[in-house]
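A quick write-up on the structure given underneath.
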Amino acid sequence: MENNKTNINCLIFKKQNSEIKILKDKINAAKKIHDKVPYAIELQKEADVLLNCSDYALDELDCKNCHLIANLFKKTANLIIKTEKLK
């Protein structure tokens, strides 16, 4: 259930966001933590694409929002990976 659509006007974000949504769905569908980890690793990579964007402009609100969202995805992925290591 995704009621809040992101309105970032950027082709790179839109492409990565669709990939990220697929990974989020796979993470949510996986029952066991060790099944989530491969998707979390991929989620980190997709977030890194956004964080390393060559078109990033410090003064653009869309860019700031994109980085904020990408950092949240990366932190989420890191938590999943760390949780698996606790077992």
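Listed values, structure above:
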item: Selection from Ser54, Val37, Leu72, by position along the positive dipole direction of the chain (Cβ); result: Val37
item: Net lengthening on full extension, Ile41/Leu58 (0.36 nm per residue, minus Cα-Cα); result: 3.4 nm
item: Option label - Cα extents along the principal axes in Å computed here, alternatives (1) 43, 25, 16; (2) 47, 33, 17; (3) 42, 31, 21; result: (1)
item: Members of Lys32/Lys64; Lys36/Lys74; Lys24/Lys82; Lys14/Lys82; Lys15/Lys36 lying beyond 26 Å, as alpha-carbon distances in this model show; result: Lys32/Lys64; Lys14/Lys82
item: Unit charges on C-beta of K, R, D, E only; dipole of the chain, Debye; result: 560
item: Length added when fully stretched, Asn71-Lys85, from 0.36 nm per residue minus Cα-Cα; result: 2.9 nm
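Computed from the coordinates by the stated procedures, all read-outs in this text should not be read as laboratory data. These numbers come from a predicted model, not from an experiment. For neighbour counting, all protein chains shown are included, and Cβ atoms are generated from backbone atoms with ideal geometry for every residue, glycine included.
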